[in-house]
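The structure appears below as C-alpha cells.
The values are calculated or read from the model by the stated rules, or taken from the named source; none is laboratory data. Keep in mind the model is a prediction, meaning the values are calculated, not measured. Reconstructed Cβ throughout: ideal geometry from the backbone, glycine too, with neighbour counts over all protein chains shown.
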Amino acid sequence: MPTTYGYIRLSPKMTDPDAFIRQITDFSPDLQLFQETGMRGNVPAEDRPQYRALFDRLKPGDQLIVRWVTDLGFHFDACHLTLSNLLDKGVIIHTLNQPLTFQPNCPVTDALLRMLKGYASSQTQQRLWAAEASRGILRQDPSAWKEKFRGRRANQAQHQQIARLLQAGKTLQSVADEVGVSISTVKRVKAKMQHHGHNQPSMNDKQ
C-alpha cells in the first residue's frame, strides 16, 4: 500500500517553523514527516541525512509532500536532478506553496521538468557571464589580477583533518562546518583522495 511522506528543511531564518510543518502535516493525518535541521540549502539532497533516510524508504507509488521544490535543491539544476531521481523511483511529488504534482510518465510533469532545466541553463549562463565580466575588469589592472589569482599553499594539517572526517563518514557540509572551510575545499580534498586511491590527499593542491 502506498505511503505518504513529507520532507522539509528547517532554516534558522524561519520565523515560525511550526507553521511550515503544519502546512505539510495537514495534508494527511497519516503522513510521515522527515525534518532536516542544521543543513544549508545549497547542500545537495543526497548529502542530507534525513533526505537520504527518506529516499531509501520510498517505494514506487508513494507520495512525497514538500512546501516547494527549493526544499529539494537550492538551485534549479539541483531541483531538477532530485525531482528526476524521485520520479525514476516511481514517487509522486506534491508541492504546497504553489499546488503542483509531479508524477512519472506524465506529459505535464515532463513539461515542468523541461522548464526547470531551462531555468537551470539560464542561471548557469548568467553566472558565467557575470564571472567573465568581473575577469574583464580585473584584466585591465594587472596588479589586481595577480592579487586575485595568485592562489595560496594548501594547509596540510587542515586537509588531513578533512580527510579523516570524510573517512569517518561525515557529510561534505558537516566537514566544512567543523573545519571552518568552504564546501568546495572539502570537495577538492575528497577528489584528491579518490584520485590517489589512498587515505591521505595530496598536499600539492591549492585551497
Restricted to segment 2-51, and to residues that are basic (Lys, Arg) and in a loop (DSSP other than H, G, I, E, B), which residue is nearest to LEU81 (Cα to Cα)?
ARG48
Does GLU178 count as modelled with pLDDT of 85 or more, more than 18 Å from GLY73 (Cα to Cα), outside any loop (DSSP other than H, G, I, E, B) and of a type in the set (Asp, Glu)?
yes
Residue count, segment 180-189 (criterion: touching a residue at least 12 places away in the same chain (Cβ under 8 Å) and over 16 Å from GLY38 (Cβ atoms)):
6
Say whether the condition of being small (Gly, Ala, Ser), closer than 25 Å to SER174 by Cβ and without any contact (Cβ under 8 Å) to a residue 12 or more places away in the chain is met by at least one residue in segment 28-41.
yes
Just give me the residues in segment 4-43 being in contact with a Leu (Cβ under 8 Å, 6 or more places away or on another chain) and either of a type outside the set (A, V, I, L, M, F, W, C) or not assigned by TED's automatic domain parsing to the domain that holds GLY90 (or both), in sequence order.
THR4, TYR5, GLY6, TYR7, PRO17, GLN23, THR25, GLN35, GLU36, THR37
Hey, does segment 56-74 have a residue that's of a type in the set (S, T, N, Q), without any contact (Cβ under 8 Å) to a residue 60 or more places away in the chain and surrounded by fewer than 21 Cβ atoms within 10 Å (Cβ to Cβ)?
yes
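Here's the yes/no breakdown for (1) touching a strand residue (DSSP E or B) at 6+ places or on another chain (Cβ under 6 Å); (2) of a type outside the set (Phe, Trp, Tyr); (3) modelled with pLDDT of 95 or more:
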{"site": "GLY6", "(1), (2), (3)": "yes, yes, yes"}
{"site": "SER11", "(1), (2), (3)": "no, yes, no"}
{"site": "PRO17", "(1), (2), (3)": "no, yes, no"}
{"site": "GLN50", "(1), (2), (3)": "yes, yes, yes"}
{"site": "PHE55", "(1), (2), (3)": "no, no, yes"}
Before we move on, is ASP62 of a type outside the set (Val, Ile, Thr) and in contact with a Lys or Arg (Cβ under 6 Å, 6 or more places away or on another chain)?
no
Mind listing whichever residues of segment 75-103 are in a loop (DSSP other than H, G, I, E, B) and free of Cβ contacts under 8 Å to residues at least 24 places away in the same chain?
PRO99, GLN103
Check whether at least one residue in segment 115-122 is of a type in the set (A, V, I, L, M, F, W, C), modelled with pLDDT under 85 and surrounded by 12 or more Cβ atoms within 10 Å (Cβ to Cβ), and report yes or no.
yes
